Structure formats: C-alpha cells, structure tokens
Amino acid sequence: MLESIRGTVTGTDQGYIFLETGPLTVRLLAPGYFLRYVAVGDESKFFLLFQIVTEGNKGIPLAVAFPSTEDRDFFTKFISVSGVGIKAAAKAMVIPPSELASAIAAGDIKILKSLPGIGNSRARQIVAKLQDVMSKSSFASSAVSVSGNAHDARAILEQLGIPSSEAVSLVKAAVEKEGADVSASALVRSAMKLRG
C-alpha cells in the first residue's frame, strides 16, 4: 500500500496535482481546500489514500494527496457516508477538515449544503452518520468555535451574499487576527479586509 510520496509539483489542473518524483510524474487527486495552497515548484511530501474506483466495467487506480495523516483520516471517515465517493468528497472539501468536522459536529446543514455537490438530503445524511463521531473526535478541536459575536459575524457575511463555507473561514481568520472578544461588526470589517 502506498503511504506517502515526495517530489516536485509540476502543475495542477481540475482537482489534480502533478508531482514529479524521480523519472515519473504522477497525477494525484487533491481536496479543494488543499489544492489552493499547492504551487508549481513546491518540493513536498504528500500523504496518500490509494484506492481502486469502479468506472463502468473497469477498476481505475486513484491516489488522493493530503498535507497530513489527520486530514487523510478525516477524508476516510467522510467517504464512509453512503453516496459520498472519493471524487465527490475531494470536490466538496473546499474548507479544511477541522472546519468541516465542526460543522458536522454542530449539525450545521447550511454549511454542508453550501459545499459543491452536497445537497440538502446528502448534508442530512452526513450529519446522521458522522455527527457523533465528529463530536467525540479531535478533528473539530482545532477549529474556532463559531458562537456569540463570531456567529453573528458569520450571519452578516452570509446576508452580504458570501457562501456559508467561505463565511466560516473568513470569521475564523478574523477571530485569529482580532481576538474572540471583539464585536461582530469588527469581525465583519476584518473579514472583508481579508477577503480583499
């Protein structure tokens, strides 16, 4: 079984990382949140999830790249939900696993259904299957809790037309920058500056 791979990123395209390792260039599927931070020329070590997926009547080998074993462990749990395949999960994960785990633990259907390819019924299915697991796990512990002023700031950002998943990320970054005790309006201002 493939555990990890090290090499130089030569490109990214449509959800994939192209990694040159020795005389080979391999194509690795990558979750959306991670793909944003990978740049051509990076020399990196990626942790892999390797599976054979069925397409039509043939099995296709597929390797998914992660920045850490913790992110890979979360992904493995995420794809255990019926109907959430590897490619769909990679596409849906536009926010980091810690934030996604927090949303699942809190039963936040709104954030889940804002993810690409995840509708209302699939979001409910994810919560039903994983809420207890995520509530008891360490996946969500590194995410900033969205409550109080942070919750209000997120609601304001959503009213301004910012998708839920992006609003959560912006509020988290604003809380880290400004502190948890600032007003909701100050968090919104900080979040909008961060958004550019």
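Among the residues of the stretch 88-105, those identified as in contact with a helix residue (DSSP H, G or I) (Cβ under 6 Å, 6 or more places away or on another chain), in a helix (DSSP H, G or I) and in contact (Cβ under 8 Å) with a residue 40 or more places away in the chain are A89, P97, S98, E99, A101, S102, A103. Against the test of being in contact (Cβ under 8 Å) with a residue 60 or more places away in the chain and of a type in the set (A, V, I, L, M, F, W, C), the options V168, V182 yield a single qualifying residue, V168. Scanning the stretch 1-59 for residues that are of a type in the set (A, V, I, L, M) and part of a strand (DSSP E or B) yields I5, V9, I17, L19, L24, V26, L28, L29, L48, L49, I52, V53. Inside the stretch 106-122, residues that are surrounded by fewer than 22 Cβ atoms within 10 Å (Cβ to Cβ) and part of a helix (DSSP H, G or I) make up a count of 6.
Just one of the numbered conditions (1) outside any helix (DSSP H, G or I); (2) surrounded by fewer than 19 Cβ atoms within 10 Å (Cβ to Cβ); (3) at pLDDT 85 or above is not true of D73: (1). Pairing each residue of the stretch 43-62 that is more than 16 Å from A90 (Cα to Cα) with any residue that is assigned to a strand (DSSP E or B) and at pLDDT below 90, provided the two are 6+ apart or on different chains, yields C-beta distances under 6 Å for G59/I52; I60/V53.
The values are calculated or read from the model by the stated rules, or taken from the named source; none is laboratory data. Quantities reported herein were computed from a predicted structural model and do not represent experimental measurements. Reconstructed Cβ throughout: ideal geometry from the backbone, glycine too, with neighbour counts over all protein chains shown.
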